[in-house]
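Asker: Please find one structure pasted underneath; my questions will follow.
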Amino acid sequence: MNNALPLRRRQKTSTMTRIVLLISFLILFGRLIFLIPAALEHYQQQQTLPETPGITTPLNQ
């Protein structure tokens, strides 16, 4: 009982898997590069904003 895939099909499957993984990593890396400048700008804006006091409720008793 030989249930293993033929060698040729196994090579084709592994090649397709590598291609899909490569494309996925390229998309992930591209998104990371695209978002870094926006994240840095947001971080710098958060550092320069003065802290606003929270809403206080008057104590009327």
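Asker: With (1) surrounded by 10 or more Cβ atoms within 10 Å (Cβ to Cβ); (2) at pLDDT below 90 as the list, and Ala39 as the residue in question, which single condition is left unmet?
Answerer: Result: Ala39 passes all but (2).
Rundown of residues vs (1) modelled with pLDDT under 85; (2) exposed (fewer than 10 other Cβ atoms within 10 Å of the Cβ), yes/no style:
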{"site": "Asn2", "(1), (2)": "yes, yes"}
{"site": "Pro6", "(1), (2)": "yes, yes"}
{"site": "Lys12", "(1), (2)": "yes, no"}
{"site": "Met16", "(1), (2)": "no, no"}
{"site": "Ile33", "(1), (2)": "no, yes"}
{"site": "Ile55", "(1), (2)": "yes, yes"}
{"site": "Pro58", "(1), (2)": "yes, yes"}
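The values are calculated or read from the model by the stated rules, or taken from the named source; none is laboratory data. Treat the numbers as computed from the prediction; the structure is a model and nothing was measured. Methodologically, a virtual Cβ is constructed for each residue, glycine included, from the backbone with ideal geometry; neighbour enumeration extends over all protein chains shown.
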